[in-house]
């Protein structure tokens, strides 16, 4: 049995849709919220069935022990199959969850459980102390560890549904995951194309808005992270290394590098706002028990920008960020909600700085007439933020875009610009991302479209097929013409029937299939079949088709 224990301010969950026939009788749409609790995410494994009563008892004892250590008032047992791929039968797992709750209560602990066999949306706020996230492997033997995280084997996956981004990624040959790099995705050629298309789109959108792209090192000296405050406030999430006797860190965030670029030259008030964009690769040492495909990773790329403004420019710049988020998310058809996260307990800077920053963010939201909720104490350690939470295809929400106001880093790095009075003044720094973690955004997109990407995003836009071997040369010539036009096209020259190859293209969710037969070869036309449409368009000119694909790309369809 694998468990992940999270000491939480609260967990709120809602049953959305039954996932299996054996799902518990539960009221669909009912929201349940439990405050001040230890959440025990539980995956019951097939090997547990040999001694299920003892394994369940050991799991409950371990949960109670940790609850006592962190002074949690209650325990919530949450069925979470994602922690393992070697799952017990649903009936056994359901008994474990129910028996665990009953056993905990018998031992004098207030306990409850989340519905078994349902797709659920949940919102959880972890406490954020050294014992707040602990993973365990439970057997019939007593649990020996006294404390500290015990890793769940990386890369383990349950039997996935066909719409899960991990299953779709494997089926469509986009990416894979391997134990040698837990929490880090291996992108295949088609996955890299998808990633690059998103980044190309992002670059164009940023260029329109006056952003300038930079690139900074991945590994930097400890002294930089001490100056930024990460060493004190974020060190437990950083990967460390040593170079010639000195300590270095693999960057968990891009902001210190951006600040050094700003500081490398004298800046005038005329240069501001200065918008520096970086597609920065960062690494964060997440616990192995929470890793989940592309949704929770240790290595990811951010469309990270840092904007340096005069204080009087701050409100307008925040509004520009909010507008850009709305524009990009609308293109993908995403619903999202907004949260304003305020000063956390572990923060740096003065109360005056924080009040000004929070006021600027809230003022911009009110001016844009946006609905939002206050997420008290969940800001970054250096500043408050607006978070944008995308709703995915299962109704779950993921925080992607963010806009953070920072008075602290400019102070710590002593950066300035020359104002109209020819004196140095301190700029304000805005941290923001639109996609957020590009890997997570891709995972959401894969599930959102169920792998059937619109033409502009699809790694392969067109597949060219020869009706018979006699048409093979004409099909190859057509393929080259499409490639020369900048269209992402491939071919299938297997000896299978054309019907079989068309069906394969459908399974690979390719938007268009072109078939070249004798009539098409003689007339210089194509037979075109669109994904999901059994009707074939005959006699189409290739130049008209190229125009159609370019329109698809321009209109993002």
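One residue is enough: does the range 444-461 have a residue meeting the conditions more than 30 Å from residue 515 (Cβ to Cβ), touching a strand residue (DSSP E or B) at 6+ places or on another chain (Cβ under 8 Å) and in a strand (DSSP E or B)?
no
What tally of residues in the range 221-258 results from selecting those that are on the phi > 0 side of the Ramachandran plot and crowded, with 17+ Cβ neighbours inside 10 Å?
1
Which residue out of 36, 24, 45 is outside the structural domain of residue 287 (by TED's automatic domain parsing) and surrounded by fewer than 16 Cβ atoms within 10 Å (Cβ to Cβ)?
36
Any residue that is modelled with pLDDT under 95 and more than 28 Å from residue 308 (Cβ to Cβ) - is there at least one of those in the range 225-236?
Yes, there is a match, as at least one residue in the range 225-236 is modelled with pLDDT under 95 and more than 28 Å from residue 308 (Cβ to Cβ).
Residues to consider are 310, 267, 296; find the one that is farther than 18 Å from residue 402 by Cα and touching a helix residue (DSSP H, G or I) at 6+ places or on another chain (Cβ under 8 Å).
310
Among the numbered conditions (1) surrounded by fewer than 20 Cβ atoms within 10 Å (Cβ to Cβ); (2) free of Cβ contacts under 8 Å to residues at least 40 places away in the same chain; (3) in a helix (DSSP H, G or I); (4) over 19 Å from the mean Cα position of the chain (by Cα), tell me where residue 261 comes up short.
Of the numbered conditions (1) surrounded by fewer than 20 Cβ atoms within 10 Å (Cβ to Cβ); (2) free of Cβ contacts under 8 Å to residues at least 40 places away in the same chain; (3) in a helix (DSSP H, G or I); (4) over 19 Å from the mean Cα position of the chain (by Cα), the odd one out for residue 261 is (2).
Out of 550, 440, 501, 494, which single residue is surrounded by fewer than 18 Cβ atoms within 10 Å (Cβ to Cβ) and in a helix (DSSP H, G or I)?
None of the others qualify; the one that does is 550.
State whether the residues of the range 524-532 include one that is touching a residue at least 24 places away in the same chain (Cβ under 8 Å), surrounded by fewer than 19 Cβ atoms within 10 Å (Cβ to Cβ) and not in a helix (DSSP H, G or I).
yes
When you check residue 124 against the structure, is it assigned to a loop (DSSP other than H, G, I, E, B), in contact (Cβ under 8 Å) with a residue 40 or more places away in the chain and either under 16 Å from residue 7 (Cβ atoms) or in contact with a strand residue (DSSP E or B) (Cβ under 6 Å, 6 or more places away or on another chain) (or both), yes or no?
No, not satisfied.
Scan the range 334-353 residue by residue and report those that are loosely packed, with under 14 Cβ neighbours inside 10 Å and more than 20 Å from residue 236 (Cα to Cα).
Correct list: 335, 350, 351, 352.
Which condition from (1) assigned to a loop (DSSP other than H, G, I, E, B); (2) crowded, with 19+ Cβ neighbours inside 10 Å; (3) modelled with pLDDT under 90 is the one that residue 82 breaks?
Here residue 82 meets the rest and fails (1).
Determine whether residue 513 is assigned to a strand (DSSP E or B), surrounded by 17 or more Cβ atoms within 10 Å (Cβ to Cβ), modelled with pLDDT of 95 or more and touching a strand residue (DSSP E or B) at 6+ places or on another chain (Cβ under 8 Å).
Answer is yes for this residue.
Give the residues of the range 395-433 that are more than 28 Å from the chain's Cα centre (by Cα) and either assigned to a strand (DSSP E or B) or under 12 Å from residue 306 (Cα atoms) (or both), sorted by residue number.
410, 417, 418, 424, 425, 427
State whether the residues of the range 105-120 include one that is at pLDDT 90 or above, farther than 19 Å from residue 30 by Cβ and touching a helix residue (DSSP H, G or I) at 6+ places or on another chain (Cβ under 7 Å).
Within the range 105-120 (the criterion being at pLDDT 90 or above, farther than 19 Å from residue 30 by Cβ and touching a helix residue (DSSP H, G or I) at 6+ places or on another chain (Cβ under 7 Å)), the answer is yes, since at least one residue qualifies.
The values are calculated or read from the model by the stated rules, or taken from the named source; none is laboratory data. This one's a predicted model, so the numbers in the text were calculated from it and none came from an experiment. Cβ atoms come from the backbone with ideal geometry, glycine included; neighbour counts cover every protein chain shown.
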